[in-house]
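Worksheet: one structure, shown below.
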Amino acid sequence: MPVNVLVGSQWGDEGKGKMIDYLSNDMDLIVRFQGGDNAGHTVVNDKGVFKLHLIPSGIFKEDCISLIGTGTVANPDVIIKELEEIQKAGVNTDNLKISGKAQILMPYHQVLDALMEKKGGIGTTKRGIGVAYAFKDLRKNFRFEDLLDEESLKDKIKNFLPSINGFLKVYGADEITEEDILSKTSEWSEKLKDRIVNQHELIHDYIDNDKNILFEGQLAAMKDIDLGIYPYVTSSNPVAAYAAVSSGFPAKQIDNVIGVAKAFSSAVGGGPFPTESTDTEIDQLRGSGEKPDDEYGARTGRSRRLGWFDAPIVKYTNEINGYDELALCKLDKLDELDKIKICTGYRLDGKDIDYMPTTTELEKVEPIYIELPGWLESTTDVRKIEDLPENAKNYLKKIEELTGASIKYVGVGPGRDEIAI
């Protein structure tokens, strides 16, 4: 189907990079539609192991355009660094484009983020993402199209600078000058100007010509600024509908929504996490951090919080996104477990509930579990879901039953082709 949107179904870190890399073979355009470099997508293919933070995970397909979209807040220094790293691996990056309307994340956004965290934060990555989105809403940001018009940019700098320095002064940081900003924007313009495009024209041209498009979401619905575990959330909307909102086309033109979930649960940062567990079985899934699919954050390197599969969470995010297909990654991590738990619901103040509670209530809930027998054999070489061990298929069926989502892909290893379909 021409217009596809891929989003996280839990708390992030589900394996979206792997799935985008896999699906890119059928795509003509891949668009990163929200977020910044505060999270990463890990891709393992014949070119190597890559942790991408802004560049879409489809960059490895040469005849597919990869677009950093309008809904992002993008740090040009990170884009340039990622381009250099990918090019060193022999990858042609000529197909990377940047929406002129994407917001530029500035160094002072990062400074303010770090200072705000010191005064009582929620465990952000200090990459400046929330501050950049706040300045967007204050209408005090620069966009990539400003790099193409120096005179207009200078006028905006004069207009924005008093507000920017006002914020810096309040938090005890050094003020900046017009020259500080122009020195960075001149460097960015020189290196990136040929990649800046009119996203609206590009996307509508692809839609009108029935080209295959994949919109790539970052993080997941439980981190959505409006629908997630506020305030322990990101600063954007990592949900399927926002691909249409930020890209300027009708949501009814989305043909296919792909949710990506992990065969268990993980989270990074603060906030409620109902199925978080210290069970020995869960902890052994973590790994040492040496392998690309070990449970450590791609951006921060922080050890992830781990727990059993939480069906109410994926059911909730399915209600938000409307998954046509679900990709369940890292099933192979469960291969050696004798028993596997699934959370089927929550108990709050002694009563079973059938709704998604508030953030405060979610901190208090008691997960209700069922226990299924494991399969105790390797799934790594399986390429068809029908060939999985019987107990593994039973595990998938139970997840489908509890979440209302149909599983089309099952990740059985970190590599691009280690997928059962």
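The figures follow:
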| read-out | value |
| --- | --- |
| Among (1) buried (at least 20 other Cβ atoms within 10 Å of the Cβ); (2) under 22 Å from the mean Cα position of the chain (by Cα) - the single one T359 does not satisfy | (1) |
| Answer from D37, D77 - the residue that is modelled with pLDDT of 85 or more and part of a loop (DSSP other than H, G, I, E, B) | D37 |
| Answer from L83, L96 - the residue that is in the same structural domain as S236 (by TED's automatic domain parsing) and touching a strand residue (DSSP E or B) at 6+ places or on another chain (Cβ under 6 Å) | L96 |
| Sole exception among (1) outside any helix (DSSP H, G or I); (2) surrounded by 24 or more Cβ atoms within 10 Å (Cβ to Cβ) for V49, by number | (2) |
| Single condition I176 does not satisfy, out of (1) more than 27 Å from E150 (Cα to Cα); (2) assigned to a loop (DSSP other than H, G, I, E, B); (3) modelled with pLDDT of 95 or more; (4) of a type outside the set (K, R) | (1) |
| Only one of K341, K333, K315 that is part of a helix (DSSP H, G or I), outside the structural domain of Q10 (by TED's automatic domain parsing), in contact with an Asp or Glu (Cβ under 9 Å, 6 or more places away or on another chain) and surrounded by 15 or more Cβ atoms within 10 Å (Cβ to Cβ) | K333 |
| All positions within the range 26-76 that are polar (S, T, N, Q) and free of Cβ contacts under 8 Å to residues at least 40 places away in the same chain | S66 |
| Tally, over the range 96-109, of residues that are in contact (Cβ under 8 Å) with a residue 60 or more places away in the chain and not in a loop (DSSP other than H, G, I, E, B) | 7 |
| Single condition T93 does not satisfy, out of (1) in a helix (DSSP H, G or I); (2) more than 19 Å from the chain's Cα centre (by Cα) | (1) |
| Checking I157 against (1) in a helix (DSSP H, G or I); (2) in contact with a Cys (Cβ under 6 Å, 6 or more places away or on another chain), the condition it does not meet | (2) |
| Cross-chain or 6+ apart pairs with Cβ under 8 Å, the range 354-370 first and free of Cβ contacts under 8 Å to residues at least 12 places away in the same chain, then part of a strand (DSSP E or B) | D354/G345; P357/Y346; P357/L348 |
| Test set (1) closer than 18 Å to V233 by Cβ; (2) touching a Lys or Arg at 6+ places or on another chain (Cβ under 7 Å); (3) buried (at least 19 other Cβ atoms within 10 Å of the Cβ) - D21 fails condition number | (1) |
| Condition broken by E386, with the remaining ones in (1) free of Cβ contacts under 8 Å to residues at least 12 places away in the same chain; (2) surrounded by 13 or more Cβ atoms within 10 Å (Cβ to Cβ); (3) more than 21 Å from G271 (Cβ to Cβ) satisfied | (2) |
| Given (1) at pLDDT below 95; (2) in contact with a helix residue (DSSP H, G or I) (Cβ under 6 Å, 6 or more places away or on another chain), number of the condition D354 does not satisfy | (2) |
| Hits in the range 249-307 (condition: of a type in the set (A, V, I, L, M), touching a residue at least 12 places away in the same chain (Cβ under 8 Å) and closer than 28 Å to E319 by Cα) | I254, V257, I258, V260, A261, A263, A267, V268, I282, A298, L306 |
| Residue list for the range 158-185, filter: small (G, A, S) and either touching a residue at least 12 places away in the same chain (Cβ under 8 Å) or under 15 Å from L112 (Cα atoms) (or both) | S163, G166, G172, A173 |
| Some residue of the range 370-379 being more than 25 Å from the chain's Cα centre (by Cα), β-branched (V, I, T), surrounded by fewer than 20 Cβ atoms within 10 Å (Cβ to Cβ) and at pLDDT 95 or above | yes |
| Candidate set from the range 236-259 (those that are of a type in the set (S, T, N, Q) and in a helix (DSSP H, G or I)); member that is farthest from L105 (Cα to Cα) | Q253 |
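The values are calculated or read from the model by the stated rules, or taken from the named source; none is laboratory data. Computed from a prediction, not measured in an experiment: that's the story for all the values here. Heads up, the Cβs are rebuilt from the backbone with ideal geometry, glycines too, and the neighbour counts pull from every protein chain shown.
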